[in-house]
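J.: This is the structure I want to talk about, given as structure tokens.
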Amino acid sequence: MAANICPGDDDGHDFKVTTTNPSSSTSDQTIPRRIKIIVLCILFTEFAESIAFYSISANLILFANTHLGFTNLQASTLNFIYIGTGYALPILSGYIADSYLGQYNTMYLGGLIYIAGLVVVFLVSIPYQLPFSVSAKTAYFIIGLTLVAFGTGGIKSNISPFGASQLERCSPAYVQKFFAWFYFSLNAGSLISFTLVAYIQQNVSFFYGFMIPTIAMILAVAVFAFARNYYQLYVPKGSLLGETLSITSQCFKVRFCGRGNEIDKSNIQSFFDYAKKENGGIFDADRVNTIKPLGRVIPIFLLLILFRTVYFQ
């Protein structure tokens, strides 16, 4: 079986995989140089960003206890706010990327904010007598965490779809392989954070323990920007989230507040069909059909919410 993975790439080469059996582990691969660079840079960026984010959270409670005078309850609250903000802000940054800045610019700006926050956190951990009171150090530390949360929000929401958009001309098999390595990179960075970096923070010094994520993020932004000329960049065309919310709102209006009972049910294959013009809505069929596949993944998203809720408890 032969598969043309990335036909007609910009450097004039194709990425091919030839196997005699779908389960065979042997393959003959020729990857375009541009794709190689893009994939490696994105994977390293995710790996280093994962180290940066989780190295801060790994012993944040301990640092707040021992260096800032927080109680266990206060330190735990700070840790959950930091993590929660880091996971909530991608919703906002994804909207900004899709509507205004584009994914590359949003991630690059987020990376710079990220670095600024890590530098502030790192400076607070300097083991020398600083001309600041504990309350001032606490304020700077919280400012640093806030910047890190905003920075990670700019990256987390965009890096995986950005990577997928670079592989649009590649086969689904190659895209699946990319995402497998993507999540491996994420988990490898987390593993290093909660083992090696956490050990250094607990047994050596927070000074070095916070230096590592700072250096990691600087390298992440540098590597990500290095491939700037290889990326295929797209002009923002509007937020799919905003489009989805508008169509969903129209569906409820037609179904429950309009003439939903008068519509020919044979035209309704999905709840989103109520938003179509022919069914009393205001949206063209093509726009509605674009977001209809989301209905099939919503149950998965709901399960992920439950999983994350249990995980962080």
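J.: Here is a list: Gly153, Gly94, Gly144, Gly86. Which entry is free of Cβ contacts under 8 Å to residues at least 60 places away in the same chain and either in a helix (DSSP H, G or I) or within 19 Å of Leu186 (Cβ to Cβ) (or both)? Write out each step before concluding.
T.: Numbers: Gly153 fails: free of Cβ contacts under 8 Å to residues at least 60 places away in the same chain; Gly94 fails: free of Cβ contacts under 8 Å to residues at least 60 places away in the same chain; Gly86 fails: free of Cβ contacts under 8 Å to residues at least 60 places away in the same chain.
Residue meeting the stated conditions: Gly144.
J.: Within the stretch 120-152, can you find the residues that are under 28 Å from the mean Cα position of the chain (by Cα), open to solvent by 60 Å² or more (accessible area, probe 1.4 Å) and either of a type in the set (Gly, Ala, Ser) or within 12 Å of Ala64 (Cα to Cα) (or both)?
T.: Ile142
J.: Select from the stretch 156-172 the residues that are assigned to a helix (DSSP H, G or I) and of a type in the set (A, V, I, L, M) and write down the one among them that is nearest to Ser185 (Cα to Cα). Before you say what the answer is, go through the steps one by one.
T.: Our first condition is that a residue be assigned to a helix (DSSP H, G or I); within the stretch 156-172, this holds for 156, 159-166, 172.
Keeping just the survivors that are of a type in the set (A, V, I, L, M) gives 159, 164.
Numbers: Ile159: 12, Ala164: 15 Å.
Within the stretch 156-172, the match that is nearest to Ser185 (Cα to Cα) is Ile159.
J.: Using beta carbons and a limit of 8 Å, which pairs, at least six apart or on different chains, have the first residue in the stretch 166-181 and farther than 25 Å from Ala48 by Cα and the second one of a type in the set (Asp, Glu)?
T.: Pairs found: Arg169/Asp9.
J.: Pairs, please: C-beta under 6 Å, at least 6 apart or cross-chain, first residue at positive phi and in the stretch 58-78, second in a helix (DSSP H, G or I)?
T.: Going by the 6 Å Cβ cut-off, the qualifying pairs are Gly69/Val134.
J.: Something else: Take the stretch 38-74 and flag every residue that is open to solvent by 50 Å² or more (accessible area, probe 1.4 Å) and in a helix (DSSP H, G or I). Full working, then the answer.
T.: First, the residues of the stretch 38-74 that are open to solvent by 50 Å² or more (accessible area, probe 1.4 Å): 40, 44, 47, 61-62, 66-67, 69, 71-74.
Leu40, Phe44, Phe47, Ile61, Leu62, Thr66, His67, Asn72, Leu73, Gln74, listed by residue number.
J.: OK, next. For the stretch 193-204, indicate whether the set of residues that are under 17 Å from Ile38 (Cβ atoms), open to solvent by less than 20 Å² (accessible area, probe 1.4 Å), polar (S, T, N, Q) and touching a residue at least 60 places away in the same chain (Cβ under 8 Å) is non-empty.
T.: Within the stretch 193-204, none of the residues are under 17 Å from Ile38 (Cβ atoms), open to solvent by less than 20 Å² (accessible area, probe 1.4 Å), polar (S, T, N, Q) and touching a residue at least 60 places away in the same chain (Cβ under 8 Å).
J.: Got a number for residues in the stretch 153-177 being surrounded by 20 or more Cβ atoms within 10 Å (Cβ to Cβ) and in contact with a Gly (Cβ under 9 Å, 6 or more places away or on another chain)?
T.: Total satisfying the criteria: 6.
J.: Sticking with this one: Has the stretch 245-252 got at least one residue that is modelled with pLDDT of 85 or more, open to solvent by 80 Å² or more (accessible area, probe 1.4 Å) and among the polar types (S, T, N, Q)?
T.: No.
The values are calculated or read from the model by the stated rules, or taken from the named source; none is laboratory data. Bear in mind the structure is a predicted one, so any value in this text is a computation, not a measurement. Reconstructed Cβ throughout: ideal geometry from the backbone, glycine too, with neighbour counts over all protein chains shown. We work out accessible area using only protein heavy atoms, side chains counted, and drop any ligands, DNA or RNA first. Shrake-Rupley method; radii C 1.70, N 1.55, O 1.52, S 1.80 Å.
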